[in-house]
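See structure below.
The values are calculated or read from the model by the stated rules, or taken from the named source; none is laboratory data. Just so we're clear, the structure is a prediction, and the values are computed from it rather than from any experiment. Virtual Cβ from ideal backbone geometry, glycine too; neighbours counted across all protein chains shown. Heavy atoms of the whole protein, side chains included, go into the accessibility calculation; ligands, DNA and RNA do not. Shrake-Rupley method; radii C 1.70, N 1.55, O 1.52, S 1.80 Å.
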Amino acid sequence: MTNQALIPVIVNGAAGKMGREVIKAVAQAPDLNLVAAIDTSPEHQDQDAGELAGLSEPLEVPITNQFEAMLGYVAGDRNSPPGVMVDFTHPDGVYDNVRSAIAYGIRPVVGTTGLSPEQLQELADFAEKASTGCLIIPNFSIGMVLLQQAAVTASQYFDHVEIIELHHNQKADAPSGTAIQTAQLLGELGKPFNTAIVEETEKIPGARGSLAEEGIRIHSIRLPGLIAHQEVIFGAPGQIYTLRHDTSDRSCYMPGVLLAIRKVSQLKSLVYGLEKIL
Ligand SMILES: NC(=O)C1=CN([C@@H]2O[C@H](COP(=O)(O)OP(=O)(O)OC[C@H]3O[C@@H](n4cnc5c(N)ncnc54)[C@H](OP(=O)(O)O)[C@@H]3O)[C@@H](O)[C@H]2O)C=CC1
Ligand SMILES: O=C(O)C1=N[C@H](C(=O)O)C[C@H](O)C1
């Protein structure tokens, strides 16, 4: 395959936990070309992205905070397929990153969570107007997609359900993007869950977790030693049905990330959720 046929990939958040995994996965993919590794972290500027990610050979791609310049550079290369920007940064910056990428005609593949419903709608409108594909994926692991599908099936038969999500304590946003999406998927059934049979009082505010779609509660645990875990617990008289997903290594997200990079340029609008592109 000539260099011209390779998909140019910009990794944003390249020095972070997910960014380093993505650098490794992109470097090993024969049809992808890592062209830029962006990160605002001052301590990693100019380091080789491959060495930082733990590869044995340097990739000759330095970590830089020059995001707009890199978007312009990739957009200006008319001999390559459309560029893709993979974003694993921070809830505070992701909205602007996605808008900038779309403005340059670069397709965003977004793993960063914490976008508000209003921000998601604005990005969807922006992508639609620009006729540009954009993938926003709260969870790239196939196990989570399967858990969510099983939960949707179970929700047809159970009227009571609560979600517990458990993450490492460096996570900025709560509840997790995955838990919010799971509640949305269950809520699409349009039936109210968890009708109270007593009047509840929270003696300490927040004791019953956060209230998402259709009365579904989400409880967020943050502890060192955890990576990413989720339980969906259904209850009915005389029985409990528990679905659980555990992440033991961030490599579990990479097949989904690579699939999204390859698919995003076929899209003309914003698509939310890995299940939509499987
Ligand atoms: N969709 C999915 O499947 C998954 C999603 N995630 C999500 O991805 C995001 C990142 O997670 P994780 O890798 O663990 O986080 P990290 O904090 O390990 O990495 C984020 C990196 O991005 C840098 N950064 C922050 N803001 C910007 C910005 N505006 N532009 C460029 N770089 C920036 C950070 O620098 P500094 O440290 O100096 O701030 C850091 O190096 C989170 O929202 C998380 O929830 C995580 C795992 C899976
Ligand atoms: O911050 C994380 O680690 C993760 N974030 C995503 C989320 O908020 O759902 C995906 C996964 O849970 C890991």
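In the range 106-115, the count of residues that are near ligand 1 (Cβ under 10 Å from one of its atoms), hydrophobic (A, V, I, L, M, F, W, C), within 30 Å of Asp246 (Cα to Cα) and surrounded by fewer than 23 Cβ atoms within 10 Å (Cβ to Cβ) is one or more. Within the range 225-242, residues that are more than 22 Å from Gly111 (Cα to Cα) and among the polar types (S, T, N, Q) reach partners that are open to solvent by less than 40 Å² (accessible area, probe 1.4 Å) and part of a strand (DSSP E or B) with beta carbons closer than 7 Å, at six or more positions or on different chains, in the pairs Thr242/Glu231. The one condition from (1) of a type in the set (Ser, Thr, Tyr); (2) open to solvent by 50 Å² or more (accessible area, probe 1.4 Å); (3) within 14 Å of Asn12 (Cα to Cα) that Thr64 does not meet is (2). Scanning the range 73-84 for residues that are exposed (fewer than 13 other Cβ atoms within 10 Å of the Cβ) and either at pLDDT 95 or above or of a type in the set (Ser, Thr, Tyr) (or both) gives a single hit, Gly76. Residues that are within 16 Å of ligand 2 (Cβ to nearest atom), over 27 Å from Val84 (Cα atoms) and touching a residue at least 40 places away in the same chain (Cβ under 8 Å) do not occur anywhere in the range 115-128. All of Asp31, Asp87 fail the test of being open to solvent by 30 Å² or more (accessible area, probe 1.4 Å) and either under 30 Å from Ala212 (Cα atoms) or out of contact with any Ser or Thr (no Cβ under 8 Å at 6 or more places or on another chain) (or both), apart from Asp31.
Of the residues making up the range 44-61, those that are open to solvent by 60 Å² or more (accessible area, probe 1.4 Å) and free of Cβ contacts under 8 Å to residues at least 12 places away in the same chain are Glu51, Ser56, Glu57.
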